[in-house]
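The values are calculated or read from the model by the stated rules, or taken from the named source; none is laboratory data. All of these numbers come straight from a predicted model, not from anything done at the bench. So basically every Cβ, Gly included, is an ideal-geometry build from the backbone, and we count neighbours across all protein chains shown. Heavy atoms of the whole protein, side chains included, go into the accessibility calculation; ligands, DNA and RNA do not. Shrake-Rupley method; radii C 1.70, N 1.55, O 1.52, S 1.80 Å.
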Amino acid sequence: MFFEGAKLQTLKRNQTDYIIATLGGPADYRGRTLEEIHAVLQMNDYHLDCFMQNMARALRDVGAEQDAVDEATVVLEQLRKQILYHSYKQKWMPERQHPTTLAIP
């Protein structure tokens, strides 16, 4: 859906590096900002909620304790406004049409 035609291995590596670095791990992410990356994806809260649920499930599947899963979820949840910046901008701050003339009553 979102990644048709994307270089999936590069995407996975960059996403993994970003998440590891965000959670305090040794990865050194040097890619684009979250706003830039997600600008064209037209994601919304539902999509991010699904990602967060899948991430939590994956962490539990590899043996992470619930406290670690909760901590990762809290840290990544703090990035929601950056990830969905363009979605929120379109929803709450639509482009204003500037009239060429002002109507004075």
Matching option when the condition is at pLDDT 95 or above and either open to solvent by 50 Å² or more (accessible area, probe 1.4 Å) or within 19 Å of Asp17 (Cβ to Cβ) (or both), among Gln53, Gln42, Gln90, Gln82
Gln53
Residues satisfying the stated conditions in region 41-68, i.e. part of a loop (DSSP other than H, G, I, E, B) and in contact (Cβ under 8 Å) with a residue 12 or more places away in the chain:
Leu41, Gln42, Met43, Asn44
Go through region 60-76 and give me each residue that's more than 14 Å from Gln15 (Cβ to Cβ) and open to solvent by less than 70 Å² (accessible area, probe 1.4 Å).
Gly63, Ala64, Ala68, Val69, Thr73, Val75
Residue count, region 16-39, condition assigned to a loop (DSSP other than H, G, I, E, B), touching a residue at least 24 places away in the same chain (Cβ under 8 Å) and surrounded by fewer than 15 Cβ atoms within 10 Å (Cβ to Cβ), comes to 2
Might you check whether a residue that is under 11 Å from the mean Cα position of the chain (by Cα), at pLDDT 90 or above and surrounded by 12 or more Cβ atoms within 10 Å (Cβ to Cβ) occurs anywhere in region 1-15?
no
With the first residue restricted to region 72-95 and required to be part of a helix (DSSP H, G or I), and the second required to be open to solvent by 90 Å² or more (accessible area, probe 1.4 Å) and at pLDDT 90 or above, Cβ contacts under 8 Å at 6 or more apart or on different chains are Tyr88/Lys81
